[in-house]
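The values are calculated or read from the model by the stated rules, or taken from the named source; none is laboratory data. Every value quoted in this text rests on a predicted model; they were computed, and no experiment measured them. Cβ: placed from backbone, ideal geometry, glycine included. Neighbour counts: every protein chain shown.
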Amino acid sequence: KAGVTQTPRYLIKTRGQQVTLSCSPISGHRSVSWYQQTPGQGLQFLFEYFSETQRNKGNFPGRFSGRQFSNSRSEMNVSTLELGDSALYLCASSLDWVGEKLFFGSGTQLSVL
Amino acid sequence: SQQGEEDPQALSIQEGENATMNCSYKTSINNLQWYRQNSGRGLVHLILIRSNEREKHSGRLRVTLDTSKKSSSLLITASRAADTASYFCATEETSGSRLTFGEGTQLTVNP
């Protein structure tokens, strides 16, 4: 089975722009979670999607949004980028439940200049 | 805020030695998991221990869980240079809404 695929691997944007990151989960996995990882804050939970519905959301501003498609692929969007949004964004999938073993992608490294 | 806190933040040992990392958490949990992350990459699941279990083994890994003290430890025996990575604990709270990660322990195994 193919693993979790995240694209792009690296991204450079400027303040005020918006960005869309993509995640393809393992085939058959219906839950997709997103995490932001920074040196100062560690891994912070963004949101989780299951069957095209946002099931849970972390404490991030509304500039961070996401969605899930019928094939379980997920995208997250960050609008009006700020310098502090520079981070590694990680996507993880699991069969049904976010508390199960998570399978992570390699992440998208976003740099905001 | 982080649910789990790892201790120590950094650990440097020689190849062949054992490495022990600790994790403390704050609320009641369904399970606790350990993950490994090589620099700048995604996390890899190592082991999951449920709240009704006290100890679990997987190869060179041994995990213990003490729910009365809200703590867990990960022991890596006979460490190798390839074990150099960051190690994170993650907890599923009884509310079951998410996995919350600690800040990680950076392990360096010197050849």
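Out of region A:15-61, which residues are within 15 Å of A:S74 (Cβ to Cβ), among the β-branched types (V, I, T) and either in contact (Cβ under 8 Å) with a residue 40 or more places away in the chain or within 12 Å of chain B (Cβ to nearest Cβ) (or both)?
A:V19, A:T20, A:I26, A:V32
Which one of these is out of contact with any Pro (no Cβ under 6 Å at 6 or more places or on another chain), surrounded by fewer than 17 Cβ atoms within 10 Å (Cβ to Cβ) and at pLDDT 95 or above: B:R62, B:R36, B:R41, B:R54?
Numbers: B:R62 fails: surrounded by fewer than 17 Cβ atoms within 10 Å (Cβ to Cβ); B:R36 fails: surrounded by fewer than 17 Cβ atoms within 10 Å (Cβ to Cβ); B:R41 fails: at pLDDT 95 or above.
Answer to the check: B:R54.
It is to be established whether one or more residues within region B:10-17 are under 30 Å from A:R55 (Cα atoms), away from every other protein chain (no Cβ under 11 Å) and buried (at least 16 other Cβ atoms within 10 Å of the Cβ).
Kept after step one, since they are under 30 Å from A:R55 (Cα atoms), are these residues of region B:10-17: none.
Within region B:10-17 (the criterion being under 30 Å from A:R55 (Cα atoms), away from every other protein chain (no Cβ under 11 Å) and buried (at least 16 other Cβ atoms within 10 Å of the Cβ)), the answer is no, since none of the residues qualifies.
Quick check on my filter: what residues within region B:35-88 are within 24 Å of A:Y10 (Cα to Cα), in a strand (DSSP E or B) and out of contact with any His (no Cβ under 8 Å at 6 or more places or on another chain)?
Residues satisfying the conditions are B:R36, B:Q37, B:L43, B:V44, B:H45, B:A85, B:S86, B:Y87, B:F88.
Taking the residues in region A:78-113 that are of a type in the set (S, T, N, Q) and within 23 Å of A:G40 (Cβ to Cβ) as candidates, determine which candidate is nearest to the other protein chains (Cβ to nearest Cβ). Steps first, please.
Residues of region A:78-113 of a type in the set (S, T, N, Q): A:79-80, A:86, A:93-94, A:106, A:108-109, A:111.
In the following step, the residues that additionally are within 23 Å of A:G40 (Cβ to Cβ) were identified as A:79-80, A:86, A:106, A:108-109, A:111.
Working: A:S79: 23, A:T80: 25, A:S86: 13, A:S106: 5, A:T108: 10, A:Q109: 7, A:S111: 13 Å.
Applying the filter and picking the extreme gives A:S106.
Could we say that A:T20 is among the β-branched types (V, I, T), at pLDDT 95 or above and either out of contact with any Pro (no Cβ under 9 Å at 6 or more places or on another chain) or on the phi > 0 side of the Ramachandran plot (or both) here? Spell out the reasoning first.
Details: among the β-branched types (V, I, T): yes; at pLDDT 95 or above: yes; either out of contact with any Pro (no Cβ under 9 Å at 6 or more places or on another chain) or on the phi > 0 side of the Ramachandran plot (or both): yes.
For A:T20, the condition - among the β-branched types (V, I, T), at pLDDT 95 or above and either out of contact with any Pro (no Cβ under 9 Å at 6 or more places or on another chain) or on the phi > 0 side of the Ramachandran plot (or both) - is met.
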